1. At 1.4 Å probe radius, can you tell me the per residue accessible area of region 294-335 in Å²?
2. In terms of modelled amide H atoms, which long-range or inter-chain residues lie less than 5 Å from the amide H of Gln3?
3. Tally up the carbon and sulfur contribution to the accessible surface of the chain as a whole percent, 1.4 Å probe, everything protein left in place.
4. Karplus couplings for region 144-160 from phi (6.51 cos²θ - 1.76 cosθ + 1.60, θ = phi - 60°), rounded to Hz, Gly and Pro as x?
5. 7 Å from Cα along Cα→Cβ at both Asp293 and Glu27: what's the point-to-point distance in nm?
6. Which residues' amide hydrogens lie under 5 Å from the amide hydrogen of Asp190, considering only partners 5 or more residues apart or on another chain, with H built in the peptide plane?
7. Step through the residues of region 195-206 one at a time and calculate ³J(HN,Hα) from phi using the Karplus curve (6.51 cos²θ - 1.76 cosθ + 1.60, θ = phi - 60°), rounding each to whole Hz and writing x for Gly and Pro.
8. For a test of the definition: using alpha carbon positions, the gyration tensor, and the 1.5 limit on a/c, classify region 219-295 as rounded, prolate or oblate.
Amino acid sequence: MSQITSLYVYKVVGQASDGVETRDLVEGLGLAPDGPIDPNHMVSSAQYYEFFAALADRDPSGLQLPLRIGAAMRIDEFGAFGLAWKSAPNLQGSYVRSERYGRVLGNAENYSLEHSAEGVFFSLQKAGDGNLGMLLSNEASLSAVVAISQEVSSAPFLPQAVFFKHAPRGDPSAYAAHFGCPVHFEAGRDALLVSEKSLAVPNKLGDETIAKFFDQHLEQKLAKFADLNSLEKRIRLAVAQLLSEGVPTLSRIASKLGMSARTLQRRLSDQGQSFQKLVDLARQELAQQLLRDTDYSLAEIAFLTGFAEQSGFTRAFKRWAGQTPRSYRLGMMAN
């Protein structure tokens, strides 16, 4: 399942307009509204997009919200990834590190560099179905790249152009004013177009030795994520297969995976993950799949996802998706 760093959640609410209620939305993601903020703590990308869209709907300046969020990003907030980014010798090196190590901030988005006759496209690829929350996230992500590029480069930085796959959500001139360059909508990519000259400008704190030190640290994190993602998938699959018999225990899942309960608990603990959270994710994913792809009744889906009563399933699903199972199914049928 795609995940995104919880840092973005706190940056989003930090830019909400005065008077806009956010605590319930943050708590709905299983996070404490007042922190602490840990960029290594992940949230489901689907839930993050729903959260983002819900907040933008509440905010009277919803058009500007994702652009403000991106502009508020600071490189030091990204932990080791941020330190590697700013210690790279130039923006070329920073962007290459986004290509390689961006997954430490979540596996929902990837970046790529493409050199062309026009300049260099720094493109964003994001997993998802193009819903409103995802589009808002794309706008915030490219705004953030511009902000941290301006922060670390030793020369004034502006992209040559910005491209979005989606249509403008309001007055296009607001986007151009924010980015300081032409902004093209309904394009074939989500990307910045940057000049070769801008990429070659030294970073203020560029130091190849320091950058390589953090590169080694990030390589280790990538290796751990690969192991964790594999383990998470195996656990969620095993849980989903047993839910019709009731919610399985950690001991039963460990046995199914061919290890002791103590070993499974230790491996999850080493990665900062909890068995209960993975069970919750497995139930959510299965419920959404059954609502989307079958005509089973809500009572049948409640049983298949391990609930004794339909009412308990409905309460849990509202916590997961911010809407009732029936509303979710109708929304999927309308798309």
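The values are calculated or read from the model by the stated rules, or taken from the named source; none is laboratory data. Quick caveat: nothing in here was measured; it's all calculated off a predicted structure. Here the Cβ is made from the backbone with ideal geometry for all residues, glycine too, and neighbour counts use every protein chain on show. All accessible areas refer to the heavy atoms of the entire protein, side chains included, with ligands and DNA or RNA removed. Shrake-Rupley method; radii C 1.70, N 1.55, O 1.52, S 1.80 Å.
1. That works out to 61 Å² per residue.
2. Result for Gln3 returns Ser45, Asn107, Ala108.
3. Looking at the chain in its full context, I get 51 percent from C and S.
4. With the stated coefficients, region 144-160 comes to 5, 4, 5, 4, 6, 5, 5, 5, 9, 6, 7, 10, x, 10, 9, x, 6 Hz.
5. Output for this residue pair reads 3.4 nm.
6. Result for Asp190 returns Leu124, Lys165.
7. 6, 4, 4, 4, 5, 8, 5, x, 6, 4, 10, x
8. Oblate is the answer for region 219-295, as a/c is 1.5 or above yet b/c matches or exceeds a/b.
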